[in-house]
Amino acid sequence: MSLLPYLIAGWIFLAGIHGMATSRNLIHAVGCLAVTQSSTYVLLLSVGYRKGATAPVFADAPTSATVVDPVVQALALTDVVVGATVTALLLALVVQTAKRHGTVDPDELSGLKG
Amino acid sequence: MTRRARLWVLAAGLLAVAALYAAACTQLPGFGGSWHPYGDRAVRAALQQRTANAVSSVNFDLRGFDTLGEESVLFASVLGTVVLLRRTRDEKRVPPEPVRVPAPLRRYGRLMLPVTLLIGLYVIAHGQLSPGGGFQGGVVAATSLHLLYIAVDYPALERFRPLGLYELADGAGEAAYVLLGAAGLIAGSAYLANVLPPGTFNTLSSGGTVPLLNAAVGIEVTSAVVVLLAHFLAQALEIEGEREEGRST
Amino acid sequence: MNWWLAAACALVAGGLGPCLWGAARGTAGRRVVAQNMATLLLCLVFLLLAQGYGRPSYVDLALVVAVLGPAGTLVFTRLLGDEMEARPPGARLLTPAVLVGAPATVVPMCVATGPGRASVKLVFTGVLLIAGGAVTSRAVRRG
Amino acid sequence: MDDAVVVAALVLVAAAATAAVLQRDPARQAIVLSLLGLSLAALFTVLQAPDVGLAQLAVGSAVTPLMILLTVRKVRQRKGRPK
């Protein structure tokens with residue numbers, strides 16, 4: 001149990017990388033990148049978890065409560081939203097690629113260059 | 001390299017990463033352990049600044065400069081997307097064909113727009129107290145506008161969404177964050193220091209500069225998402241290109 | 001032993017798990033139905049977790065998913081409309097699930113919290129969930 | 001009991017991530033990605049991070065699927081045109 005969350009984060013990371021490397025469609029590859037990214041959130045929040053503790057939000061909890069680590073939560077939180085805009089940027093690149101080359105298959109694209 | 005060879009290289013790389021990562025995991029502090037030196041210090045500092053939501057305190061006070069970096073990444077990626085998805089000279093704008101949407105769905109869309117917008121604003125405004133803040137609430141507020149597209153129709157969204165204004169607000173949100181940081185310098189302290197009085201714990205005005213920075217981020221994220229989606233919508237529904245004859249193919 | 005958490009756990013394993021199975025295979029219509037069911041169940045999971053951990057502020061998550069979940073499903077019905085079949089399997093389950101699930105979760109929680117602002121918020125979330133569920137299950141069937 | 005919820009959410013997230021990678025059609029992948037977002041939000045909440053859960057929910061439920069599906073439509077529109 002004390003290793004399971006870390007190993008699952010690793011599994012998600014590897015699965016995402018595998019998907020990106022074997023992808024035949026750039027939109028699919030961007031989706032796999034989003035999966036890979038989510039592994040970092042799982043890892044960060046698992047590191048910050050404390051058994052039996054509650055969220056570091058004191059609006060409805062006594063200030064003496066034991067809480068989980070807010071620092072990793074702040075890191076993950078901003079990254080979730082910024083990650084989505086970066087996904088948008090990559091999708092925009094895919095649209096441009098489709099316009100320029102008429103295909104979104106990475107294998108066909110590398111053939112075009114040669 | 002052939003596809004087969006590439007797969008072998010990938011498999012070797014993945015296996016090596018898996019082995020190294022698993023070895024590293026055994027050295028990490030156990031899941032759910034009670035040793036969190038940074039967390040404990042951050043919580044103490046947040047309570048000292050009378051910010052009930054320690055996560056917001058870390059984001060907008062203790063690590064405010066880091067969030068400025070995140071903001072800039074967001075701003076830059078929106079800028080990049082806008083540049084990539086702009087209409088080029090050889091493309092023309094064709095109004096999309098109207099879509100028939102059933103009446104109950106239309107009613108739901110019109111009714112839920114203000115409700116969702118309010119929930120978004122509520123999440124932004126209570127960022128320093130309860131879970132939420134500018135990042136989350138901004139996305140909710142931006143989604144509310146797009147109920148017009150997904151439940152009513154595209155022209156309704158276009159009428160309701162002055163895009164130039166949102167592009168301006170995106171920049172204004174980023175600028176407000178930078179300038180609020182400079183307020184710390186003017187007050188004779190460090191950049192992005194929390195110089196305002198912290199107020200009463202667990203009230204809307206608590207936390208000094210936290211609610212202000214939170215609002216700046218809320219404005220920026222809302223307009224950023226609206227601008228992003230506007231360009232994707234325009235590309236997918238309106239813009240049709242002439243076929244680029246013999247160019248780079 | 002906390003019964004709220006036990007119920008949440010059962011919903012995650014027995015509700016969201018099958019939804020994932022449904023969303024990962026089959027026709028486009030069936031997948032969207034599974035996605036819609038998942039948003040409805042997730043709203044209930046958040047409500048149960050809020051009660052189980054004794055943190056009323058977690059209800060905000062249920063509130064957000066009650067409005068954004070239907071919005072997400074409508075995105076799919078709007079943009080995948082031509083790929084979806086007219087009456088996807090499982091679509092008939094959506095309305096009964098939300099009509100039974102939402103009151104079965106919200107009413108005991110209101111009883112447990114007692115009258116006040118918190119229970120008004122719970123009822124509001126329940127109403128939004130039912131409205132969203134009704135509209136999306138119609139949209140999915142027409143698809 | 002806490003542990004059981006955490007394990008259930010973790011397994012669900014792992015399954016959703018694997019399923020999302022295995023979907024080769026981007027439009028169908030978007031549906032599974034949306035489920036991955038929902039499961040992640042549930043996991044973050046049981047890990048006592050409602051702030052992060054809220055962010056994931058806001059982004060993953062409607063905005064990301066909308067962007068992916070619009071990109072799919074744009075790309076298909078170009079492919080579908082007669083040569």
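Put one equal scatterer on each alpha carbon of chain C, apply the Debye formula with no solvent term, and list log10 I(q)/I(0) at q = 0.09, 0.19 1/Å to two decimals.
-0.26, -1.03
Filter the trypsin sites (Lys or Arg not before Pro) in the stretch B:95-200 to those in DSSP coil with at most 14 other Cβ atoms within 10 Å of their Cβ, and list the result.
Here the sparse-neighbourhood loop sites are B:ARG100.
Assuming 0.36 nm per residue, please report the length gained on full extension of the stretch B:ARG86 to B:LEU204 beyond their Cα-Cα distance.
Net length gain for the segment: 38.4 nm.
When the distances between all Cα atoms of chain B are binned every 5 Å from zero, what whole-number percent does each bin get?
Pairs per bin, as whole percents: 1, 6, 10, 12, 12, 11, 10, 11, 10, 9, 6, 3, 1, 0.
Using mean Cβ contacts within 10 Å as the protection proxy, how do D:2-13, B:219-230, A:78-89 order, highest first?
Per-residue mean Cβ counts within 10 Å order the peptides as B:219-230, A:78-89, D:2-13.
As a test of the formula, what do you get for the protein assembly as shown when each DSSP H run with n ≥ 4 contributes -39,500 (n - 2.57) and the sum is divided by the residue count, at 222 nm and rounded to the nearest 500 deg cm²/dmol?
Value at 222 nm, helices only: -24000 deg cm²/dmol.
Do any trypsin sites (Lys or Arg not before Pro) in the stretch A:8-64 lie in a DSSP loop with no more than 16 other beta carbon atoms within 10 Å, and if so, which?
For trypsin sites (Lys or Arg not before Pro) across the stretch A:8-64 that sit outside H, G, I, E and B with at most 16 neighbouring Cβ atoms in 10 Å, the list reads A:ARG24, A:LYS51.
Just in the stretch B:102-191: which chymotrypsin sites (Phe, Trp or Tyr not before Pro) are loop by DSSP and have at most 15 other Cβ atoms within 10 Å?
Taking the stretch B:102-191 and a limit of 15 other Cβ atoms within 10 Å, the loop chymotrypsin sites (Phe, Trp or Tyr not before Pro) found are B:TYR191.
Taking the Cβ of each residue in B:THR209, B:THR2 as the centre, tally the other Cβ atoms inside 10 Å and list the residues starting with the fewest.
Lowest count first: B:THR2, B:THR209.
If you fit an axis through the alpha-carbon atoms of helix D:2-22 and take the longest principal axis of the Cα set of chain D, what angle between them do you get, 0 to 90°, nearest 10?
For D:2-22 against chain D, the angle is about 10 degrees.
In what order do B:LEU84, A:LEU77 fall by count of nearby beta-carbon atoms within 10 Å, going from fewest to most?
B:LEU84, A:LEU77
Can you list the aspartates and glutamates whose alpha carbon sits under 20 Å from that of A:LYS51, skipping same-chain ones fewer than 8 residues off?
Within the straight-line limit of under 20 Å, A:LYS51 reaches these aspartates and glutamates: A:ASP60, A:ASP69, B:ASP40, D:ASP2, D:ASP3, D:ASP51.
In terms of Cα to Cα distance under 14 Å, which aspartates and glutamates are near enough to B:LYS92, apart from those fewer than 8 places away along the same chain?
Filter leaves B:GLU238, B:GLU240, B:GLU242, B:GLU244.
Provide the packing ranking of C:130-142, B:19-31, i.e. peptides ordered by the mean count of other C-beta atoms within 10 Å per residue, highest first.
C:130-142, B:19-31
If you take the C-alpha gyration tensor of the stretch B:50-111, multiply each eigenvalue by 5 and take the square root, what semi-axes do you get, largest first, in whole Å?
Gyration-tensor ellipsoid for the stretch B:50-111: 39, 26, 5 Å.
Over the Cα atoms of the protein assembly as shown, each weighted equally, I'd like the Debye log10 I(q)/I(0) at q = 0.07, 0.11 Å⁻¹, rounded to two decimals.
-0.39, -1.01
What are the ³J(HN,Hα) values, in whole Hz, obtained from phi via the Karplus relation 6.51 cos²θ - 1.76 cosθ + 1.60 with θ = phi - 60°, for each residue of the stretch D:56-63 in sequence order, with x given for Gly and Pro?
Coupling constants for the stretch D:56-63: 4, 5, 4, 7, x, 7, 10, 5 Hz.
Rounded, prolate or oblate for the stretch D:1-54? Axes are the square roots of the Cα gyration tensor eigenvalues, ordered a ≥ b ≥ c, and the cut-off for rounded is a/c under 1.5.
Oblate is the answer for the stretch D:1-54, as a/c is 1.5 or above yet b/c matches or exceeds a/b.
Given 10 °C and 1.306 mPa s, how large is the Stokes-Einstein diffusion coefficient of the stretch A:4-113 in µm²/s, with Rh as the Kirkwood radius over Cα pairs?
98 µm²/s
Taking neighbour Cβ counts within 10 Å as the exposure measure, how do B:ASP170, B:ASP40 sort from fewest upward?
B:ASP40, B:ASP170
All of the numbers you see were taken from the coordinates with simple rules; none came from a lab. What you are looking at is a predicted structure, and each value in this text was computed from that prediction instead of being measured. Positions of Cβ are generated from backbone atoms using ideal geometry, with glycine treated the same way; all protein chains shown enter the neighbour counts.
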